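Asks: Quick one: the structure is below, and I'll ask about it shortly.
What follows draws every value from the coordinates through simple rules; no lab data is involved. Quick caveat: nothing in here was measured; it's all calculated off a predicted structure. Glycine also receives a Cβ, built like all others from the backbone with ideal geometry; neighbour counts cover every protein chain displayed.
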Amino acid sequence: MKSRSGFTLIEVMIALLIFALLAAAGVLVLSQSIDNRFVVKASTDRTAELQRLRATLRADLGQAAPRRVRAANGQPATSPILAAEAPGDPLLVLVRAGWSNPDGRPRASLQRVEYRLVEDRLERRIYPYLDGARPGPPQVLYQGVSAPTLAFISDGAETPRFLPSPDRPLPDAVRLDLTLEGYGPVRQLFVVGGGR
């Protein structure tokens, strides 16, 4: 009698079952690595947004200028750097130097900047002119912001409102506390105007 070489049906079924288990495990590992990639990307994007927020605040406060501005109604501001006093007020308003003018427009090199919390977004607006102008469109710096508090540090003392004097037109530093979604409470300290 001749012997037949080959696989029985049971052997083929067992081989297919093993291959299916290996393929399922591979798909599971691949899908988890893709999910992890998206989680890491979202976390990296969030950290990059926070770094951009810090860099923008550092640049604006580091170039703060002791120039007061007038509101749309013509009333002068009490200080060159202001914090919110009532709900709906901007979180921070200041004038900064260093506004480049590559196209030679007839305007100052100073720029009025406003930070405002709208719903849960921290927005930055710039004004085309220092006095009496309306702000431009908002630039959303960070989403998921709540409980902002601002303090001014001058001569080692911390106050919620800065009152300028002739010899000290700007505070030494500004402390900004925010609660950020995904991070919790974040405290930031910025030197004002190069730390005169």
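Asks: Output wanted: per-residue J couplings in Hz (rounded whole) for the stretch 124-140, from phi through Karplus 6.51 cos²θ - 1.76 cosθ + 1.60, θ = phi - 60°, x for Gly and Pro.
Replies: 10, 10, 10, 9, x, 9, 6, 10, x, 8, 8, x, x, x, x, 10, 6
Asks: Between Gln139, Leu117, Ile153, whose Cα lies farthest towards the positive end of the dipole of the stretch 65-196 when Lys and Arg beta carbons carry +1 and Asp and Glu beta carbons carry -1, centred on the Cα centre?
Replies: Farthest towards the positive pole: Gln139.
Asks: For the stretch 51-122, just the Cα set please: Rg and Dmax, both in angstrom.
Replies: 13.4, 38
Asks: Okay, next question. Stokes-Einstein diffusion coefficient for the stretch 105-189 at 20 °C in a medium of 1.002 mPa s, Rh from the Kirkwood formula over Cα pairs: what value in µm²/s?
Replies: 144
Asks: If you average the C-alpha positions of the stretch 176-191 and of the stretch 93-164 separately, how far apart do those two centres end up, in angstrom?
Replies: Distance between centres, Cα-based: 17 Å.
Asks: A further question follows. Can you pull the Rg over Rh of the chain, Cα-only, Kirkwood?
Replies: With Rg and the Kirkwood Rh in hand, the quotient comes to 1.40.
Asks: What is the set of long-range amide H partners of Phe162 at a cut-off below 5 Å, with H atoms built 1.01 Å from backbone N?
Replies: Counting only residues 5 or more places away or on other chains, the set is Ala83.
Asks: Where does helix 9-62 land angle-wise versus the long Cα axis of the chain, in degrees 0 to 90, nearest 10?
Replies: Tilt of helix 9-62: around 10 degrees.
Asks: Shifting gears a bit: Express in % the proportion of alpha carbon pairs of the stretch 1-58 at distances exceeding 17 Å.
Replies: Percentage above 17 Å: 67.
Asks: Right, something else. Only helical DSSP H runs with n ≥ 4 go in: add -39500 (n - 2.57) per run for the chain, normalise by residue count and round the 222 nm mean residue ellipticity to 500 deg cm²/dmol.
Replies: Mean residue ellipticity, 222 nm, calculated: -10500 deg cm²/dmol.
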